[in-house]
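These notes concern the structure reproduced below.
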Amino acid sequence: MPLALLTGLTGFAAGLALIVAIGAQNAYVLRQGLRREHVGAVAAVCLAADIALIAAGTLGIGALVERAPTVLDLLRWAGAAYLVWFAASSFRSAARPGRLTETNDRSRGSVVLTAAALTFLNPHVYLDTVVMLGSLANTHGTLRWAFAAGAMAASAVWFTGLGFGARALAGPLGRPTTWRVLDVVIGLVMLGLAVYLVAGG
């Protein structure tokens, strides 16, 4: 197997290992997929963000991120506040079952902005992509971009698979009770992540 391909597969595995963990971004992609609401736009925002951040880390910007604890602290508190607000919105949706099966009731711009906020207001996204994946990429020397390309491919596979896979399941899972449970679970996930951020996780 060519060394560049092997390095790319290593990057793919590393990227997938970091991205699959339950988080605000994944919960939102899943929610939008099940709602069949601007799924492609949400997946594209998450993928574009990962590509940009992984590229930044591969270029060596991870060292700057590590030296900016104040910026990460600001992001941590802003992200926690946003997650609490999002959790409250999910609980409100769960309390109003008449709205649970509505689709396409939010503009594309609103959905995209929410996806971007859930991505960039989370300081751990910078630590995972810019610092962690960037550092791993740079251990491969001249093949660092092969590693980065593999990690980016993992993001593409994950976000499209999660979003459109959920969209395909929206019919079987379209019962109001299912939507209510989903919104409650997402609200609890968001609250848990907010506590994790505030605690300095």
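Measuring max minus min along each principal axis, the C-alpha atoms of the chain give extents of 56, 40, 25 Å (largest first).
Between Arg106 and Thr70, the FRET efficiency estimated from the beta carbon spacing at R0 = 30 angstrom works out to 0.35.
Using only Cα atoms and rounding to the nearest 10 degrees, what angle (0 to 90) does helix 176-198 make with the longest principal axis of the chain? Helix 176-198 sits at roughly 50 degrees to that axis. Multiplying each eigenvalue of the alpha-carbon gyration tensor of the stretch 118-197 by 5 and taking the square root yields semi-axes of 33, 19, 6 Å, largest first, rounded to whole angstroms.
Helix 3-19 and the longest principal axis of the Cα set of the chain meet at an angle near 30°. Stretched out straight at 0.36 nm per residue, the stretch from Arg180 to Leu9 would grow longer than its current Cα-Cα span by 57.7 nm.
Distance between the C-alpha centres of the stretch 122-143 and the stretch 53-87: 13 Å, rounded to the whole angstrom.
Taking the fewest neighbouring Cβ atoms within 10 Å as the starting point, the ordered list for Thr178, Thr114, Thr70 is Thr70, Thr178, Thr114. Taking label points 7 Å from Cα along the Cα-to-Cβ direction, Leu188 and Leu59 give a separation of 4.2 nm. In a DSSP loop and with at most 12 other Cβ atoms within 10 Å, the trypsin sites (Lys or Arg not before Pro) in the stretch 3-76 are Arg67.
The numbers here are math on the coordinates, done by the rules we state, and not lab data. Please read all numbers here as calculations on a predicted model, not as lab measurements. So basically every Cβ, Gly included, is an ideal-geometry build from the backbone, and we count neighbours across all protein chains shown.
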